[in-house]
1. Quick one: 340, 357, 393, 441, fewest Cβ neighbours within 10 Å first, how do they rank?
2. Along Cα→Cβ, 7 Å out, is where each label goes; now give me the distance between the ones at residue 321 and residue 267 in nm to one decimal.
3. Among 363, 292, 172, which comes first, then next, by fewest other beta-carbon atoms within 10 Å?
4. Too long at a 27 Å Cα-Cα cut-off: which of 199/271; 308/345; 207/345; 271/347?
5. Could you grab the relative contact order for the chain? Cα pairs under 8 Å, six or more apart, rounded to a whole percent.
6. Going down the table (109/410; 109/140; 254/286; 391/449), which pairs top 18 Å between alpha carbons?
7. Residues in region 228-246 near a label at residue 254, defined as backbone nitrogen under 20 Å from the 7 Å Cα→Cβ point?
8. Where a ≥ b ≥ c are the square roots of the eigenvalues of the C-alpha gyration tensor, would you call region 379-468 rounded, which needs a/c under 1.5, or, failing that, prolate if a/b is larger than b/c, or oblate?
Amino acid sequence: MKGSARWYPQTTSVIALIPLLVSLLPAPAGAQFKDPAPPALAKLETVAPSKPAANTNTRFHRKPKPLSASAITHDWTSFLGPTHNGISTETRLAKKFPSSGPPLVWEMKKGTGYSSPAVQGDYLVFLHRQGNQEIVECLKADTGERFWQYPYATAYEDRYGYNSGPRTSPTIDGDRVYTYGAEGKLHCLRLTTGQILWKRDILSEFKVLQDFFGVSSTPLVEGDMLIVQVGAPGGPTVAGFDKLTGRLLWGAGKEWSAGYAAPIPATVHGKRRIFAFTGGESQPPKGGLLVIDPRTGALETSFPWRSKSYESVNASCPVIFGNNVFLSASYKTGGAMLEMQPDGKHKVAWTTPDFGMHFSTPIYKDGYLYGFEGRNEPDASLACLNAKTGKVMWRAMPEWKETFEINGDKREQLLSTYRGSILHVDGRFLVLGEMGHLLWMDLTPQGHKETSRAWLFAARQTWSLPVLSRGLLYIVQHERDAIHGTQPRLLCYDLRE
């Protein structure tokens, strides 16, 4: 076994027949929708796992420090990390940055898109677009060498002038990786070789019109199922597919279109449930939370929560703690706290016009929520919310002066985190600002305190959530660095103590 990656031998034994046997089973009793185009399973040749090879797009800088023997580490196989809430259990991390920032291990030139990577052991999977192809890249996590890549055609065009690359992040499950492109192309690939196992064209098969910003909800693996926001007219809004075969098992919801938030799993009142925050393009604007039994697809409850503005989206993931669910949306919407009941229904604890997240997901800690609210750069702020009452404890815009030089001209500018992203790591908060700043911060109900800060690059649209695995921090730069001229990159930093 290499690193923490899990290996599955390819064989012609009974194990290899499981996908076929599963495909013959009847759908769960809660299924409501017919599968429009069950995918064919690929017949794979038995090949050895790919070995890492030189990647012409990667520049290697240095080896990372050795991991401390007492360090706690984890894989980051799905959006928001192993606990689906932006909270990392990793320890023994460097809490002070040198003036130049944390050591850069490697960097890879990337195409367009807003994806974050997924990491399992030695394998890092990343989705981006180059020319008229979306490309699934599988790299060695600590060197940037390439194991394999899988390209396929795309014609997606962003109608609002943002880039036309994929929005979702890969999801890794054992020796399989799932990707969901901007125009709804869903792929299941073998992690160790890049071989295609099955694929679906969700938008075409379910007759879904392109949403404002294309497909943006990362799929979730839950047990034997792949949970996907589909958003088909007349339903399903959310679907459960057999993760081995791609066959539709159930659908849930008929009235709302797909949202941009990833489905979140949680055990509430002793029962496993899926929380899907839905709602993209529709007229009139509709959307909200669907609470689903993943075994059957039964819709247990729903809660409308969506801006009244036509051009708006639900993109911040639900935050579940105890028996509570917090939802947040921008465009003059705000936050809502639901108390889940043992029967799967809900009660509204409170709502507030404040604490409206545009696309980032807040962090819950010790009775309080911390996150970046606001729709645009000028009105974005870091805030703390009392989870019991909905009261905003404080709201601030962290600011500092940066001195830099462009074409020999020395300048000074007041900058901020703006619409940042946030993780809770090893007792502190790791913050990635919208302009490429990385900060360690202490956040409490009394206020915020910056403990270390570095400027990694001067590029806007730094919107992708950072990924932390085995002491290595992966950050995506989406635009050209306005000072140093570097083009969009995937960057690996050494955060080991």
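Every number in this text was worked out from the coordinates using simple rules, so none of it is lab data. This one's a predicted model, so the numbers in the text were calculated from it and none came from an experiment. Here Cβ is always computed from backbone atoms with ideal geometry, including for glycine, and neighbour counts include all displayed protein chains.
1. Neighbour counts put them in this order, fewest first: 393, 441, 340, 357.
2. My value for the distance between the label points is 2.0 nm.
3. Values: 363 19, 292 29, 172 25.
Placing the least packed residue first, the sequence is 363, 172, 292.
4. On the way: 199/271 31 Å; 308/345 24 Å; 207/345 31 Å; 271/347 17 Å.
Over 27 Å apart, Cα to Cα: 199/271; 207/345.
5. Numbers: 1387 pairs, mean separation 70.1, N = 497.
With pairs under 8 Å counted, the relative contact order is 14 percent.
6. Details: 109/410 28 Å; 109/140 15 Å; 254/286 12 Å; 391/449 20 Å.
Distance filter (> 18 Å) returns 109/410; 391/449.
7. 229-240
8. Details: a/c = 2.24, a/b = 1.82, b/c = 1.23.
Cα axes put region 379-468 in the prolate bin.
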